[in-house]
Amino acid sequence: MATLAPPQVVLTDRAAKRVARILSKEPEGTVLRISVAGGGCSGFQYEYNLVQETPTDDDVVLSKNGATVLIDSLSLEFMGGAEIDYVDDLIGQSFQIRNPNAVASCGCGTSFAV
């Protein structure tokens, strides 16, 4: 029986623009890696790391408007169908992930429960 792939993760135009701006100040070949790790106040948390690495067969590559984001397949299991956005409001600036798999999340938006 075939295994269904998790739904795709979407990178919004605002997030892509911000990632591209960040990467433009980094050495050539730098990408943003987003992953899910245990921890945070809700059980899981998103980690954002600027890395100099090429994608592996295990990675999903999101490329848009000069931005490159990598997500490993294990993290994708928790993030399938999510939208990565960048918000600039009165509270501050941050990347926000709208994750349909999360049943709860913390106020800061970086940790979640499934």
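Quick check on my filter: what residues within segment 65-113 are surrounded by 14 or more Cβ atoms within 10 Å (Cβ to Cβ), of a type outside the set (S, T, Y) and at pLDDT below 85?
N101, A102, C106, G109, F112, A113 - these are the residues of segment 65-113 that are surrounded by 14 or more Cβ atoms within 10 Å (Cβ to Cβ), of a type outside the set (S, T, Y) and at pLDDT below 85.
Which is assigned to a helix (DSSP H, G or I), modelled with pLDDT of 95 or more and either touching a Ser or Thr at 6+ places or on another chain (Cβ under 7 Å) or not charged (D, E, K, R) (or both), of V19, V51? Step through it out loud before you land on a result.
Details: V51 fails: assigned to a helix (DSSP H, G or I).
Checking each option against the conditions leaves just V19.
For segment 30-49, state whether one or more residues are in contact with a Pro (Cβ under 9 Å, 6 or more places away or on another chain) and of a type in the set (A, V, I, L, M). Walk me through how you get there before you give the answer.
Initially, segment 30-49 is screened for residues in contact with a Pro (Cβ under 9 Å, 6 or more places away or on another chain), giving 31.
Now restrict to residues that are of a type in the set (A, V, I, L, M): 31.
Yes.
Can you tell me which residue is farthest from the chain's Cα centre (by Cα) among those in segment 23-44 that are closer than 19 Å to E83 by Cα and at pLDDT 95 or above?
Going through the qualifying residues, I end up with V31.
May I ask you to verify whether L32 is free of Cβ contacts under 8 Å to residues at least 40 places away in the same chain, assigned to a strand (DSSP E or B), surrounded by fewer than 15 Cβ atoms within 10 Å (Cβ to Cβ) and in contact with a Leu (Cβ under 7 Å, 6 or more places away or on another chain)? I'd like the intermediate steps shown before the answer.
Working: free of Cβ contacts under 8 Å to residues at least 40 places away in the same chain: yes; assigned to a strand (DSSP E or B): yes; surrounded by fewer than 15 Cβ atoms within 10 Å (Cβ to Cβ): no; in contact with a Leu (Cβ under 7 Å, 6 or more places away or on another chain): yes.
So L32 fails the test.
The values are calculated or read from the model by the stated rules, or taken from the named source; none is laboratory data. Owing to the predicted nature of the structure, the values given are computational and were not obtained by experimental measurement. Note that each Cβ is placed from the backbone with ideal geometry, even for glycine, and that neighbours are counted across all protein chains shown.
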